[in-house]
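Scroll down for the structure; my scribbles are underneath it.
Values in this text are rule-based calculations from the coordinates and carry no lab data. Since we're looking at a predicted model, the values are computed, not measured. Neighbour counts run over all protein chains shown; Cβ positions are idealised from the backbone, glycine included.
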């Protein structure tokens, strides 16, 4: 039995000649259901760490944590900081199954990634969604990372491998833990599929939010140890350091 919902059609009907903004309900300017004003006002990520995308006060810098302990992943790409209204949209998508909000953010992320690919960002060979433990998947009914990866796959014409990674251990929820506890919580939490094709490949992990990076680090370590040449991380939003404003 598959808990993950799969839709052959779009989450809702796209009417290119009668599209309304999902945030303010005004007429949208194009095919994407968001008006130019609301899109401009989203909390776009400004200057940030070139590795983990942590918001920083100046451009072209690498944060102290990445300098002292370089992560296993190469680069994080996130369009926004985790603040209003993106935080609310992600929460409603993730915890209330409001899939149109997730689809909107996923399409905007795909557009952002395509611009980066057109510039100089190396394009991965496959998208890999961050896995969810079976019990939590049954409770929620879907894995938001899988849905995002599918939408990115469709828009970017990149393959998506939903079975490459699994989460056999049902660990505590990460959002309830501090950075140190998150790392400990994820020890041995993930596994590769027995027939996983990883060696020599450039992979991109897909998730909704990057907070401490503990999940991305654990998965990137697993993939790099299995022979991957590069692991990037694509997510919707990046949080600032605890106690700091976005």
Within the P(r) computed for segment 44-238, what percentage of the Cα pairs occupies the region above 20 Å? 54
If packing is taken as the average number of other Cβ atoms within 10 Å across a peptide's residues, how do 148-158, 214-224, 53-63 rank, most packed first? 214-224, 148-158, 53-63
